[in-house]
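Please treat every number below as a calculation from the coordinates, not as lab data. No experiment lies behind these values; they were computed from the predicted model shown. Neighbour counts run over all protein chains shown; Cβ positions are idealised from the backbone, glycine included.
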Amino acid sequence: AEALADPTGPYLAGEEFSLADATLFPTMVFITHMLPKFEDAVASPAGEAGPRLGPRLSAWWSHTSNADEAAKRVADEIRSGLQPWEERGRWDAMLYAGARDVAPATLFDKILSKEIPSEVVFEDALCLAFRDINPVAPAHILIIPKHRDGLTGLGAATAEHSAILGHLMVAAA
């Protein structure tokens, strides 16, 4: 969106509010509500653009959320719909929005942090594969995610983990 935003603004397609603004603005209101719940937030709940927005989107968000009266009404309406969910704990079970991974570090965390040495046979951005120190087969390889995100064992797996579990299966193949 940053590359497509009109540099002269103040809206995404130039001087006039457009379908692009009407589409992205409600999403940004939701983002500014949700991402502060996560540790790596893009924008603050007060409506100020965070460091992850490029200069064009930052300028657009600042103008649209602070100077455009119709957009401000839309934002207020969206936030008033989110508030009851907030009060009922809608986000509490969502990992990092409410729930936190508080399990102690495991042996695998120590291997990932290089506290414990391992013989790595494969590594990518998402997983690490290494030889078992007590192999029970000629090719006994362990494959673990680099970011556990609450996945401390298969019993802790949720639908949110399906992508990483699938990636681990592909890496094993």
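Quick check: pseudo-label points 7 Å beyond the Cα along Cα→Cβ at Val102 and Glu123, how many nm apart are they?
3.2
Order of 156-162, 63-69 by packing, highest average Cβ count within 10 Å first? Walk me through the numbers before you get to the answer.
Values: 156-162: 12.4, 63-69: 15.1.
The packing order, highest mean first, is 63-69, 156-162.
Highest first, please rank the peptides 27-34, 4-11 by the mean number of other Cβ atoms sitting within 10 Å of their residues.
Sorting 27-34, 4-11 by mean packing, highest first, produces 27-34, 4-11.
Please report, in debye to the nearest 20, how large the charge dipole of the chain is about its Cα centre when each Lys and Arg carries +1 at its beta carbon and each Asp and Glu carries -1 there.
Result for the chain is approximately 480 debye, rounded to the nearest 20.
How many angstrom lie between the C-alpha centres of the stretch 136-172 and the stretch 64-125?
Each part reduced to its Cα centre gives a spacing of 20 Å.
Could you tell me the convex hull volume per residue, in Å³, taken over the Cα atoms of the chain?
Enclosed volume per residue, from the Cα hull, is 161 Å³.
Counting Lys +1, Arg +1, Asp -1, Glu -1, what net charge surrounds Ala157 among other residues with beta carbon under 14 Å of its beta carbon?
Counting the neighbours of Ala157, the net charge comes to -2.
Cβ under 14 Å from Lys110's Cβ, Lys110 left aside: what net charge do those residues give with Lys, Arg +1 and Asp, Glu -1? Spell out each step's value before the answer.
Details: positive: Lys114, Lys146, Arg148; negative: Asp109, Glu115.
With Lys, Arg at +1 and Asp, Glu at -1, the net is +1.
Exposed loop sites here are trypsin sites (Lys or Arg not before Pro) in DSSP loop states with at most 15 other C-beta atoms within 10 Å. What is the longest stretch of the chain lacking them? Please list the in-between numbers first.
On the way: sites that count: Arg52, Arg88, Arg90, Arg100, Lys114, Lys146.
Segment 1-51 is the longest.
Which log10 I(q)/I(0) values, to two decimals, does the stretch 57-125 give at q = 0.17, 0.23, 0.26 Å⁻¹ under the Debye formula with one point per Cα?
The Cα Debye sum returns log10 ratios of -0.80, -1.03, -1.08.
Taking only C-alpha pairs under 8 Å that are 6+ residues apart, what is the relative contact order of the chain in percent?
13
Where Lys and Arg each count +1 and Asp and Glu each count -1, what net charge lies around Lys72 among other residues with Cβ under 14 Å from its Cβ?
-3
How big is the charge dipole of the stretch 83-132 about its Cα centre, in debye rounded to the nearest 20, if each Lys and Arg gets +1 on its Cβ and each Asp and Glu gets -1 on its Cβ? Numbers along the way, then the final one.
Working: 6 positive and 10 negative charges, 22 e Å.
Its charge dipole is roughly 100 debye.
How much length is gained if the chain between Thr8 and Arg79 is pulled fully straight, taking 0.36 nm per residue apart and subtracting their Cα-Cα distance, in nm to one decimal? Can you show the working numbers first?
Values: separation 71, 0.36 × 71 = 25.56 nm, distance 2.89 nm.
Separation in residues times 0.36 nm, less the Cα-Cα distance, equals 22.7 nm.
What residues qualify as long-range amide H neighbours of Asp6, i.e. H under 5 Å apart, gap of 5 or more or another chain, H built at 1.01 Å from N?
Those lying under 5 Å, H to H, from Asp6 are Ala13, Gly14.
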